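Below: the structure, in structure tokens.
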Amino acid sequence: MLRDVTFGQYYLADSFLHKMDARVKLVLCLVFMVGIFFVVSFVGFAWLTLFLLLAIAFSKVPLKSILKSIKGIIILLALTVLLNVFFTKTGNLLWEWWIFQIYDEGLKFAAKMLLRLTYLVMGSSLLTLTTTPVDLTHAIESLMKPLRVVRFPVHELALIMSLTLSFIPSLIEETDRIIRAQKARGANFDTGNLVKRAKAFVPILIPLLVGGFRRAEELANAMNSRCYEGATVRTQMRVMKVSWRDFVGAIVVVLFFTAVFVVYGMQNSWSNITWLYF
């Protein structure tokens, strides 16, 4: 299951999305995430699905790798669906038993929130799979440069995010290796109730923490040996430049969400647009 976690992992490929500027991809990903909550009809979600599938096709990332990212939030998705189904009391009553009631609007809200959360995770996974942690860090640092005027530690924050993204795959790999070693010694993580399973994972935490501190110490020693100073203005080996691909990608994303919003707005009055269901 840990191998199914794709966040922070990079998929090497020669695609249109891989060659785009990391700053543009980050901004477009944010636009995509915000635009999801402005889509309120199932027809709009159908167009959104088509758009996401086309983006995955242009990235040359296997759809299986994108779908793996959803496995990590299955519990959150299930909880979201249950809360929306049983706590939404508007619309026509479809089913009732004891204190539980299901309305048609509750089913609609649950389906829309399920799609929103799923597309949020898939969009963020597509960003990390097509952008190296170094490029993503440089993009964040470049976009946050104006905050240096107020003495905000932009470079330090970008460094922390870069180290976090780079450590995620290694920690997942080490955790998986420890679990397999414990299973070889007779440990059982698949049987028993929730409490027993949680106790079975306790022996994993100690070697995992020790390994994490060891990696952090090795990294700190390596940075000190190279006389690293965070406050110093640093240059980059590869300067990011905006190309024609970035303009094409930005135009496509903006036109898509504008068209979906305008078409939906022509069919529904502004007073009926409820774009956030929590």
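Based on Cβ point charges of +1 for Lys and Arg and -1 for Asp and Glu, what charge dipole magnitude is obtained for the range 118-227 about its Cα centre, in debye rounded to the nearest 20? Don't skip to the answer; put the middle values down first.
Details: 13 positive and 9 negative charges, 74 e Å.
For this selection, approximately 360 debye.
If you add up the charges near Thr80, with Lys and Arg at +1 and Asp and Glu at -1, over every other residue whose beta carbon is less than 15 angstrom from its beta carbon, what do you get?
+3
By counting other Cβ atoms within 10 Å of each Cβ, how are Ser69, Ser162 ranked from fewest to most?
So the residues, fewest neighbours to most, are Ser162, Ser69.
At Ala184 and Val262, where each label point lies 7 Å from the Cα along Cα→Cβ, what is the point-to-point distance in nanometres?
6.2 nm
When ranked by the protection proxy of mean other Cβ atoms within 10 Å per residue, highest first, what sequence do the peptides 172-180, 198-206, 25-33 form?
Listed from highest to lowest mean packing, they are 25-33, 172-180, 198-206.
What shape does the chain have by the C-alpha gyration tensor, where a ≥ b ≥ c are the square roots of the eigenvalues, rounded means a/c under 1.5, and otherwise prolate means a/b greater than b/c and oblate the rest?
Here the chain falls in the oblate category.
Relative to a virtual label point 7 Å from the Cα of Ala78 in the Cα→beta-carbon direction, which members of the range 152-183 show backbone nitrogen distances below 15 Å?
Zone members listed by number: none at all.
Between Leu54 and Val242, what is 0.36 nm times their sequence separation minus the Cα-Cα distance? Round to one decimal in nm.
In short, 65.5 nm is gained.
Mind checking which lysines have their Cα closer than 26 Å to the Cα of Lys112? Skip sequence neighbours fewer than 8 apart in that chain.
Lys25, Lys64, Lys68, Lys71, Lys89
How much net charge surrounds Ala55 when only the other residues with a Cβ under 15 Å from the Cβ of Ala55 are counted, with Lys and Arg +1 and Asp and Glu -1?
Taking every Cβ under 15 Å from that of Ala55, the sum is +3.
For the chain, list the DSSP H helices whose alpha carbon atoms reach 18 Å or more along the long axis and whose average Kyte-Doolittle value is -0.5 or above?
Values: long enough: 22-36 (21 Å, 2.19); 42-59 (25 Å, 2.31); 74-87 (19 Å, 2.83); 104-130 (39 Å, 0.73); 154-184 (45 Å, 0.54); 202-225 (35 Å, 0.62); 244-267 (35 Å, 1.63).
Answer set is 22-36, 42-59, 74-87, 104-130, 154-184, 202-225, 244-267.
So how much slack lies between Ser170 and Leu67, counting 0.36 nm per residue of separation and subtracting their Cα-Cα distance, in nm?
35.0 nm
Would you mind working out the magnitude of the charge dipole of the chain relative to its Cα centre, with +1 at each Lys and Arg C-beta and -1 at each Asp and Glu C-beta, to the nearest 20 Debye?
460 debye
With a point put 7 Å past each Cα toward its Cβ, work out how far Val210 is from Ile99 in nm, to one decimal.
A separation of 4.8 nm, rounded to one decimal place.
Hey, can you grab everything whose amide H is under 5 Å from the amide H of Tyr103? Only 5+ residues off in sequence or another chain; H modelled, so Pro and N-termini drop out.
Leu94
Within the range 111-171, list the trypsin sites (Lys or Arg not before Pro) lying in a DSSP loop whose Cβ has at most 16 other Cβ atoms in a 10 Å radius.
Values: sites: Lys112, Arg116, Arg148, Arg151; in loops: Arg151.
Loop-located and lightly packed - Arg151.
I want to verify a result. In a Gaussian network model of the chain, Cα cutoff 10 Å, which of these has the top mean-square fluctuation: Trp97, Trp47, Trp244?
The residue that fluctuates most here is Trp97.
Rounded, prolate or oblate: which one fits the range 1-124, using the alpha carbon gyration tensor with axes a ≥ b ≥ c (rounded when a/c is under 1.5, else prolate when a/b beats b/c, else oblate)?
Judged from the Cα gyration tensor, the range 1-124 comes out prolate (a/c at least 1.5, a/b above b/c).
Looking at the square roots a ≥ b ≥ c of the eigenvalues of the Cα gyration tensor of the range 100-253, which shape do they give, rounded for a/c under 1.5, prolate if a/b is larger than b/c, or oblate?
Taking the square roots of the gyration eigenvalues as a ≥ b ≥ c, the range 100-253 is oblate.
No lab work stands behind these numbers, since they all come straight from the coordinates. Bear in mind the structure is a predicted one, so any value in this text is a computation, not a measurement. Positions of Cβ are generated from backbone atoms using ideal geometry, with glycine treated the same way; all protein chains shown enter the neighbour counts.
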